[in-house]
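Shown next, in structure tokens, is the structure this report addresses.
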Amino acid sequence: MRLQLFVILLTVGTLGIHTDAALTVEVLQSVGGLPPHIVGRFEEPIGFQQTPGGPYYVFDRRGHTVYAVDSDKTTVIKLVEIGPELGRIVQPRGFDTSPTGAFVVADAPRGIERVQIFGAGGLRLGGFTLPARQRTAALRVDSFVLNGIASIQYAGDNLLISHPESGALIAEYSRGGVALRSSGRPVFQKYGQDGRLLYERHIEGVEIDRSLAALPTRWPTGRVDDRELPLVTPAVRAAAVDGGGRLWISLMEPATYVYDGQGDKIRTVQFRAAGVMSPTGMFFTDDGRLLVTPGCYDFRP
């Protein structure tokens, strides 16, 4: 995941889609997760990750907080709390960890989009704000933020940010906030570490067919910075790449597509914990487990 970049279409409304009846839906049952008395402390956990052999991290967007849970899942502490000042977060939108335990949070105090990098103990190590011309209020559908820094990845020494209104679907920044390069038309593409396009694919399947059939003929609108904009409902909830280079895409429908390293769909998966669930966040641990929100569940895919 750290060496390859996937660009994923977040709203599927214009692709030529066909059904794929060859793949049956597999059911993955949760094998554990954080205890209920710990999960109950979180308001809206959309990030659940773990460093190799270390603690778990939970990003609670509605609580404006990052938590650490010890590897035995018995103790939880707050690493970063709510606040507009440096070293705190407010209106957070994106989160990711690094193998060392450092993590990054994208937030928006007073509508100013900001990226902050923290050490494993929650001490602020650095950060930057985006240019004023890119500042905007958050546009939400249910729990999804459709604009601004809604997705960020801690990729080695640099940061990968999904920020379409900047003019590119994916932009790469240094830790000091220097824009290094950008890429992307809004389709499913795979890039090598050097930024070279490896292939391009469409997301196809019967689950997407159902979503397309339910699309409205007139888009509802939402207001952002006193402007009225078309509100396009996302078709993708979350995505992650496992240790074998396979891409997992969670749909708004309760189904997740799995693509191999060549971009061919090899599995259709449904997650079950307390009931059927559609992941809003997915993270593969060093030992191959899959951590999923909401609910902070643990799967062995």
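Computed from the coordinates by the stated procedures, all read-outs in this text should not be read as laboratory data. Here the structure is a predicted model, which means the values were calculated and not measured. Heads up, the Cβs are rebuilt from the backbone with ideal geometry, glycines too, and the neighbour counts pull from every protein chain shown.
Can you tell me how the range 260-301 classifies by the Cα gyration tensor, rounded, prolate or oblate, using a/c under 1.5 as the rounded cut? Oblate shape, in that a/c is at least 1.5 and b/c is the bigger or equal ratio.
On alpha-carbon atoms, Rg over Rh for the range 62-127 using Kirkwood Rh?
Numbers: Rg = 11.6 Å, Rh = 12.0 Å.
Value, to two decimals: 0.97.
Exposure proxy ranking for Asp157, Asp107, based on other Cβ atoms within 10 angstrom of each Cβ and starting from the fewest, stands as Asp157, Asp107. Straight-line reach from Lys190: taking Cα to Cα under 29 Å and skipping same-chain neighbours fewer than 8 places apart, the lysines in range are Lys265.
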